[in-house]
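The block underneath contains the structure these notes are about, expressed in structure tokens.
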Amino acid sequence: MAQMNTRIDAEVKERGDAVLAQAGYSSSQAVRAIWSFAASHAHEPLAVRQFLQQAEGGGQDPSAKAAADAKLEALERALSLHERLETTLGFQLEAEEALTDRQLRGEALLSRWEDRGLL
């Protein structure tokens, strides 16, 4: 076994730790997975470079960005339609009833995407 010490921005570490925990990984497990990937692709340095660039955000798939933008636009349209419907009907739902579970989930996803820097 070998031990590694590295410096990382505190905010990036905190956000990364939270996402890794949701995925069922510790930071040590994630680092071991990266090193295992590199070791198993020793004959493909380009694959390792692409993997690391994508992990750093420099190689973000343009189609993934377009898909995230489309989801955001759809969510914003849905919320706008909801507001217009309330205005047209002449009433507003109580605060607890204002958003459906689906809309609340959309808001939570939007917030998560913003936290991850996807938007």
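The values are calculated or read from the model by the stated rules, or taken from the named source; none is laboratory data. Remember, it's a predicted structure, so these values are computed and weren't measured experimentally. Positions of Cβ are backbone-derived with ideal geometry, glycine not excepted, and every protein chain shown enters the neighbour counts. Accessible surface is based on the protein model in full, side chains and every heavy atom, while ligands, DNA and RNA are left aside. Shrake-Rupley method; radii C 1.70, N 1.55, O 1.52, S 1.80 Å.
Before moving on, here are some points about what is shown:
- Residues of segment 1-47 satisfying the condition of being closer than 30 Å to L109 by Cα and either of a type in the set (S, T, Y) or touching an Asp or Glu at 6+ places or on another chain (Cβ under 6 Å) (or both): Y25, S26, S27, S28
- Of the residues examined, Q60 is not one that is under 26 Å from I34 (Cα atoms) and either modelled with pLDDT of 70 or more or β-branched (V, I, T) (or both).
- Single residue of segment 1-20 satisfying the filter (without any contact (Cβ under 8 Å) to a residue 24 or more places away in the chain and open to solvent by less than 70 Å² (accessible area, probe 1.4 Å)) that is farthest from the chain's Cα centre (by Cα): D17
- Every pair of residues 6+ apart whose Cβ atoms lie under 9 Å, when the first sits in segment 95-109 and is under 17 Å from R84 (Cβ atoms) while the second is among the hydroxyl-bearing types (S, T, Y) and at pLDDT 75 or above: none
- Residues being open to solvent by less than 70 Å² (accessible area, probe 1.4 Å), not in a loop (DSSP other than H, G, I, E, B) and not hydroxyl-bearing (S, T, Y) - total across segment 22-54: 9
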